Amino acid sequence: MRGGGFGVRRRVVTALVVVTSTAGALIGVAGQARAVDPDTLRPGCEWRTPDEEAQHIQTCTLYSEALGRNVVVQVRASDQAPGQTEQAVYFLDGLGSNDEYNNWATPTSGAVAAYSTSYNLVMPAGGKGEWDTNWQSAPTGSTTAPQWDTFLGEELPAYLNENFDIGTSDNAIVGVSMSGAPAIIVALNHPEVFAVARSYSGFYETNNPLGWVLIPIIQTARADIDNGLSAMWGLPLSEGNTWADSDVLSRIAEAKANGQTIIISTGNGIPSVGELQLAWQTLQQQPLVLWPILIPGALVTELLGVGLEVGALTSTVILNAAAQRMDLPVEFTYSNGGHNWFSWASTQPSDAAQIEADLAAAAQKSAAEKSAAQRVIAPQVQQQAAAAEVTTSQPTPTPAAAPAVEVTPSEPTTTAAETPAAQPTTIEPTTTEPTTPTGTPAAHPTTAADVAEGAAEATPSATSAPAATPVVAATTG
């Protein structure tokens, strides 16, 4: 009986462990990430330049099923000790993106220097004119329809988790110019991945006649994509088009329901002091003989940036009014500045501090929610385990022994000489078979799957030589 009781208890303990593990998975409990030395190159990664190696920025090439091609992703891994929660800030490039590196990784952007090394920085390259979105058909010059939203919200987080131990939740995503609105849309589409979205000088009201005209014009002029009107989101007003799904004004209210933090900023087109200082410092780094060429080009770019930033300002004001009307917790910031990297770089220190604080708050909130969910599930696990012990510890009935049979002689005793020896009486043993009532199913012991199901119901739910990074690049996004 003791041996049997020990076996029952062991089975119950095993079931309890399985149930607890299953319940943990159901409420999103995950093991803490293992930080890896930021100086260690991951498979498929390289140091693109000595400067990037000094900043621990490795350039990784991976194949994306969603994009149908190889894609470059630059990552500055954190330097946290093992056992810490790993979060990341994803940076989407602007219209001037290229396939070899992300402009956020350059010193001009100011981002890498601004963020704490306890956070991972993720900077995918490429996608010029593709708007960081899911296309319905292939753009000009391509044979596949790129699915950027799927790549950014599903494939890339999985890759980063496997190769850099970066968590797949409570991350931030940042966009600029062309990628400003898409950064918010990607976050809204994947709230389980991104808790914070940050946009600089974006254009948010796209599902209207102005958007239908301007976006295809920009794609043709800057990226040689001449079928954007129909290939990207489908013809406007046609059945199955996704222009509304990609319109921030139409979807911004979702952020409140998701509990996400949205931060939006824009300049007014007037160059800021910090912007001019950065531009002057960059010019001084160039040979004097190039100044006659660089200065006129910079002035033209600045004038173009003024027009673009005024457009971004108008779009931001419209979105701001709608957010106030709907009482949405979206933060808007306005300042002097044009549509260029010098302007966006000038605010990186304060912007990084704010995003890091928001990420820390998101991580604390998730930890509290997981702890609360565990407290809800624990009593149920104990109850189910107790029920399992009662079910499996009932004693098995022992068949009753056959009663002894006494043989009493009815005839008088005679001598051996008079009567032959009596034949011994053989008593056939009687075997008592246990009886199972007809039609009654055998008792089904509670299993770990039963307990997990109950807990779920109770829980809410080829590398070529890279091009050198320009010191003074086209300043517009």
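The values are calculated or read from the model by the stated rules, or taken from the named source; none is laboratory data. Worth saying up front: this structure is predicted, and the values here are computed from it rather than measured. Please note: Cβ atoms are built from the backbone with ideal geometry, for glycine as well, and neighbour counts cover all protein chains shown. Accessible surface areas use protein heavy atoms only, side chains included; no ligands, DNA or RNA. Shrake-Rupley method; radii C 1.70, N 1.55, O 1.52, S 1.80 Å.
Annotations
- Extension gain, Asn336 back to Ala360 (0.36 nm per residue minus Cα-Cα distance, nm): 5.7 nm
- FRET E, pair Leu276, Val317, Förster distance 30 Å, beta-carbon r, rounded to 0.05: 0.75
- To put it simply, the accessible area of segment 258-317 at a 1.4 Å probe is 75 percent carbon and sulfur.
- Estimated at 0.36 nm per residue, the fully extended path between Ala387 and Thr220 surpasses their Cα-Cα distance by 53.3 nm.
- Ellipsoid semi-axes for segment 96-136, based on the Cα gyration tensor and the rule √(5λ), read 24, 12, 7 Å when sorted largest first.
- Distance between the pseudo-spin-label points of Glu46 and Thr61 (7 Å out from Cα toward the beta carbon): 0.6 nm.
- Asn161/Ala54 FRET efficiency (R0 22 Å; Cβ-Cβ; nearest 0.05): 0.25
- Remark: spin-label model distance Ile293-Asp37 equals 4.3 nm, labels positioned 7 Å along the Cα→Cβ axis.
- Highest-first arrangement of 275-281, 118-124, 311-317, where packing means the average Cβ count within 10 Å: 118-124, 311-317, 275-281
- Note on surface exposure: Asp224, Asp165, Asp79 rank Asp224, Asp79, Asp165 by accessible area, highest first, 1.4 Å probe.
- Around Asn258: net Lys/Arg minus Asp/Glu count, Cβ-Cβ under 13 Å: 0
- Treating each Cα of segment 101-223 as one equal point scatterer and applying the Debye formula with no solvent, the log10 of I(q)/I(0) at q = 0.13, 0.14, 0.16 Å⁻¹ comes out as -0.57, -0.66, -0.87.
- Label point 7 Å beyond Cα of Thr117 along Cβ direction - residues of segment 148-181 with amide nitrogen under 17 Å: none
- Where the Cα pairs of segment 158-203 fall when distances are cut into 10 Å bins, in %: 31, 44, 23, 2
- For segment 151-182 versus segment 288-337, the gap between their alpha-carbon centres in whole angstrom: 25
- Segment 173-213, accessible area per residue, ligands and nucleic acids excluded (1.4 Å, Å²): 22
- Label-to-label distance for Leu210 and Glu369 is 3.6 nm, based on points extended 7 Å past Cα in the beta-carbon direction.
- Share of pairwise Cα separations in segment 229-339, more than 20 Å, in percent: 60
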